[in-house]
Amino acid sequence: MKSAVEALLFASGNPLTVDRLKGIFDDVPKEQIEEQIASLRREYDARLSGVMIADVAGGYQVVTRPDLAPWIRKFRTVKVSTRLSRPALETLAIIAYKQPITRTEVEAIRGVNIGGIVRNLMERRLVKIVGKKDVPGKPMMYGTSVDFLQYFGLKDLSALPTLKEFTELEAGEDILEETAGQGPDATDTGHDEGSAPAALSEVAEAT
């Protein structure tokens, strides 16, 4: 069974939850599935494997180890089209930390129109509509998606660096770039260096 769990985690392009795996293995208890995953993790660690099983978006996924990212970057060519622009990353950071938040509220922080940027983030499935604000006009409220967690390799939103942690870092340190480097696709973060601090600074000042 352990080999089957490993094969499924490897073959899946997305994180697999224990519930999803249980549906495949029928009557196998969740505890047994979790033990197989824990056993695989121990085996990977024991042999200093180049891959690991990461907690991503509420599930499990086989990913390359973050410390091997420099070697993989040499092997792969990151397409410019997959990268988020600085304005997009700044907008995404604000939504991530202030969600649920309306477009007008984001624009008040950034000081520019973000209509096109929000559409782009929604097309990439990093941002989604999470409801309507109970004020005149009922504006849409936005939040991050499961794809956002997977993109940055986060188990859940609690794994985001806090604003206090950010302010204690040296100027110019790219938090989201660092976070993404620990995720499932550490070799293809799709970020422009130096863009996250500006976004988080704006959020911190507005908080």
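The values are calculated or read from the model by the stated rules, or taken from the named source; none is laboratory data. What you are looking at is a predicted structure, and each value in this text was computed from that prediction instead of being measured. Don't worry about glycine lacking a Cβ; one is built from the backbone with ideal geometry, like all the others, and counts go over all protein chains shown.
Could you identify the single residue in ARG47, ARG20, ARG42 that is in contact (Cβ under 8 Å) with a residue 12 or more places away in the chain and out of contact with any Phe, Trp or Tyr (no Cβ under 6 Å at 6 or more places or on another chain)?
On the way: ARG47 fails: in contact (Cβ under 8 Å) with a residue 12 or more places away in the chain; ARG42 fails: in contact (Cβ under 8 Å) with a residue 12 or more places away in the chain.
Criteria check complete, one pass: ARG20.
So ILE72 clears everything in (1) aliphatic (A, V, I, L, M); (2) more than 30 Å from GLY50 (Cα to Cα); (3) modelled with pLDDT under 90 except one condition, right? Which one?
Unmet for ILE72, out of (1) aliphatic (A, V, I, L, M); (2) more than 30 Å from GLY50 (Cα to Cα); (3) modelled with pLDDT under 90: (2).
Restrict the check to segment 87-107 and report whether at least one residue is more than 19 Å from the chain's Cα centre (by Cα), outside any loop (DSSP other than H, G, I, E, B) and outside the structural domain of LEU126 (by TED's automatic domain parsing). Before the answer, list the steps.
Step one: filter segment 87-107 for residues more than 19 Å from the chain's Cα centre (by Cα), giving 102-107.
Imposing the further condition that a residue be outside any loop (DSSP other than H, G, I, E, B) reduces the set to 102-107.
Next, from what is left, pick out any that are outside the structural domain of LEU126 (by TED's automatic domain parsing): none.
Looking through segment 87-107, none of the residues is more than 19 Å from the chain's Cα centre (by Cα), outside any loop (DSSP other than H, G, I, E, B) and outside the structural domain of LEU126 (by TED's automatic domain parsing).
Within segment 71-82, identify whether any single residue is of a type in the set (Lys, Arg), over 21 Å from PHE148 (Cα atoms) and assigned to a loop (DSSP other than H, G, I, E, B), and answer yes or no. Walk me through how you get there before you give the answer.
The first filter runs over segment 71-82 and keeps only residues of a type in the set (Lys, Arg), leaving 73-74, 76, 79.
Next, only the ones that are over 21 Å from PHE148 (Cα atoms) stay: 73-74, 76.
Now narrow it down to the ones that are assigned to a loop (DSSP other than H, G, I, E, B): 76.
Among the residues of segment 71-82, at least one is of a type in the set (Lys, Arg), over 21 Å from PHE148 (Cα atoms) and assigned to a loop (DSSP other than H, G, I, E, B), which makes the answer yes.
Which numbered condition in (1) surrounded by 15 or more Cβ atoms within 10 Å (Cβ to Cβ); (2) among the small types (Gly, Ala, Ser); (3) closer than 15 Å to THR144 by Cβ is the only one that GLY59 fails?
Single failed check for GLY59: (3).
Considering segment 14-36 alone, what residues qualify as being farther than 11 Å from MET1 by Cβ and outside any loop (DSSP other than H, G, I, E, B)? Write out each step before concluding.
Restricting attention to segment 14-36, the residues satisfying the condition of being farther than 11 Å from MET1 by Cβ are 14-20, 22-23, 26-27, 29-31, 34.
Those that are farther than 11 Å from MET1 by Cβ and outside any loop (DSSP other than H, G, I, E, B): LEU16, VAL18, ASP19, ARG20, LYS22, GLY23, LYS30, GLU31, GLU34.
In this structure, does VAL112 turn out to be over 19 Å from LEU157 (Cα atoms) and more than 15 Å from the chain's Cα centre (by Cα)? Before you say what the answer is, go through the steps one by one.
Working: over 19 Å from LEU157 (Cα atoms): yes; more than 15 Å from the chain's Cα centre (by Cα): yes.
Answer is yes for this residue.
If you scan segment 29-44, which residues turn out to be modelled with pLDDT under 90 and surrounded by 15 or more Cβ atoms within 10 Å (Cβ to Cβ)?
Matches in segment 29-44: ILE33 only.
Tell me, please, whether a residue that is under 17 Å from the mean Cα position of the chain (by Cα), surrounded by 17 or more Cβ atoms within 10 Å (Cβ to Cβ) and either among the small types (Gly, Ala, Ser) or at positive phi (or both) can be found in segment 134-143.
At the first step, the residues of segment 134-143 found to be under 17 Å from the mean Cα position of the chain (by Cα) are 142-143.
Restricting the remaining residues to those that are surrounded by 17 or more Cβ atoms within 10 Å (Cβ to Cβ) gives 142-143.
Then keep just the ones that are either among the small types (Gly, Ala, Ser) or at positive phi (or both); that gives 143.
Checked segment 134-143: at least one residue is under 17 Å from the mean Cα position of the chain (by Cα), surrounded by 17 or more Cβ atoms within 10 Å (Cβ to Cβ) and either among the small types (Gly, Ala, Ser) or at positive phi (or both).
Need pairs with beta-carbon distance below 6 Å; first residue at pLDDT 85 or above and within segment 2-16, second part of a loop (DSSP other than H, G, I, E, B); sequence gap 6+ or separate chains.
If the second residue must be part of a loop (DSSP other than H, G, I, E, B), the pairs left are PRO15/ALA57.
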